[in-house]
Amino acid sequence: MLNLLFVAASEALSALRANLLRTLLSTLGIVIGVAALVAILGLGDGMERFGREQVSTQTDVASIVVAPVTSEEVDGIYLEKQNVVPLTPDQATALAQVFGERVSTVDLMSKTKAWVHLANDTLKRPALITASLLTPFPDTARAMQGRLFQPAEFQSADSVAVISHLLALRLQPDSNFAQLLGQQVVWAEHRLRIVGILPKKVVRDEEGGEVPMVFLPIRLLSDAEIRKSPPAMQMKAKKVEEIGAMKTELENWLAADGRGGKDNFKVYTNDYWVEQLRKGIMVFKIIMGMIVGIAILVGGIGVMNVLLMSITERTREIGIRKALGAKRKAIALQFLAESLAISVLGCLLGLLLGLLFNFAATPLVMHLAEVKGFKAAISLGSFVVVMLVAVFIGIAFGTFPAIKASKLSPVDAIRHE
């Protein structure tokens with residue numbers, strides 16, 4: 001069988017070389033169709049990669065957020081839950097040890113709104129109080145006045161605070177912020193020593209405006225304060241592809257630890273947006289691929305046409321071969337091999353043309369869309385699709401001519417003029 005395939009392939013190549021120009025012209029439809037298919041797959045993969053990068057920079061795709069359930073549905077009405085189960089700093093630390101090297105950070109953050117004032121001034125100002133397990137905005141350490149929290153201050157629960165630029169301006173209208181450092185800001189029963197002031201426009205709300213904020217170590221909060229403002233935990237995975245497994249493992253840990261699991265906590269991830277982007281790009285590639293399929297279909301008809309012409313021209317040759325003992329299988333296999341050779345040649349030329357188009361289109365896309373970092377990407381799957389298209393065209397459009405050639409009568413074929 002292998003010897004038969006080898007002989008058929010060698011004879012097919014010889015026949016194609018004898019009519020090289022006709023062969024190239026017959027593959028033109030396949031070349032254009034496959035080139036368009038490669039361009040769509042490459043640009044589609046590039047769009048997906050670019051979209052992932054944009055989503056990653058704009059959102060915390062690698063983040064897993066655990067938030068306590070604070071409301072419950074009763075007879076179709078959502079009411080405030082009476083027994084909210086909060087996470088504690090010790091539990092967040094334990095989770096960080098459970099996931100180990102798979103996470104880069106694990107933070108526990110509680111937020112509440114309150115009135116604050118300086119210890120030597122009774123004028124109160126509204127502020128957003130944020131208690132966390134990690135130092136806020138570590139990248140601003142050099143640009144800020146004063147300093148950020150030190151690790152020992154988190155563990156020993158020192159009464160220290162870092163405030164935002166807007167709150168500092170409201171507490172010290174003359175902008176002499178150096179006088180604020182070392183003073184105490186009062187919130188409820190806490191007296192917090194100001195150790196740092198964040199730079200301007202670092203702390204912003206959703207609309208881009210500055211926010212008056214006070215940051216403090218979360219271990220300063222009492223059990224009653226934690227229950228009043230239950231903190232949410234955020235962990236950042238080092239690998240986005242591990243988000244799904246880590247989410248499941250986290251939910252199991254919450255259930256096993258007596259936290260109540262899904263009944264008392266909601267676990268959120270942002271990989272949903274990446275998955276939606278992937279599905280959108282996939283729909284685009286499928287629809288465009290179906291349109292391009294029309295051009296590939298035309299190319300397949302061209303292959304069938306050139307094979308039928310070849311049969312007509314080589315009828316006497318086929319008759320002589322059958323008279324000398326060639327079997328129908330051998331005749332059919334030869335023409336099927338020719339069909340596959342034409343298809344593979346057209347697909348390879350189309351692949352090369354598609355790659356060249358992607359290379360030329362990339363800077364044009366970046367210029368017209370006014371973006372940076374976009375690159376057409378050809379994945380291994382795209383190459384597999386192209387080769388499958390070549391095999392499909394060769395078999396689908398070569399079968400009929402091959403069967404027709406194998407059914408020729410030796411006597412009628414030899415007498416053919």
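Just a few scattered comments:
- Hits in the stretch 242-256 (condition: out of contact with any strand residue (DSSP E or B) (no Cβ under 7 Å at 6 or more places or on another chain) and closer than 17 Å to ALA232 by Cβ): TRP253
- Residues that are buried (at least 18 other Cβ atoms within 10 Å of the Cβ) and not aromatic (Phe, Trp, Tyr), drawn from the stretch 203-218: VAL203, PRO212, MET213, VAL214, LEU216, PRO217, ILE218
- Residues that are β-branched (Val, Ile, Thr) and crowded, with 17+ Cβ neighbours inside 10 Å were ranked within the stretch 117-138; the one that is modelled with the lowest pLDDT is THR135.
- Filter result for LYS236 (modelled with pLDDT of 80 or more and either of a type outside the set (D, E, K, R) or more than 15 Å from the chain's Cα centre (by Cα) (or both)): yes
- Condition met for ARG102 (under 28 Å from the mean Cα position of the chain (by Cα) and at pLDDT 85 or above): yes
- Filter result (more than 11 Å from LEU340 (Cβ to Cβ) and among the β-branched types (Val, Ile, Thr)) within the stretch 383-397: VAL384, VAL385, VAL386, VAL389
- Inside the stretch 157-213, residues that are part of a loop (DSSP other than H, G, I, E, B) and either without any contact (Cβ under 8 Å) to a residue 40 or more places away in the chain or under 17 Å from ALA143 (Cβ atoms) (or both) make up a count of 21.
The values are calculated or read from the model by the stated rules, or taken from the named source; none is laboratory data. The structure presented is a predicted model; accordingly, all values stated were derived computationally and were not measured. Every residue, glycine among them, receives a Cβ derived from its backbone with ideal geometry; neighbour counts consider all protein chains shown.
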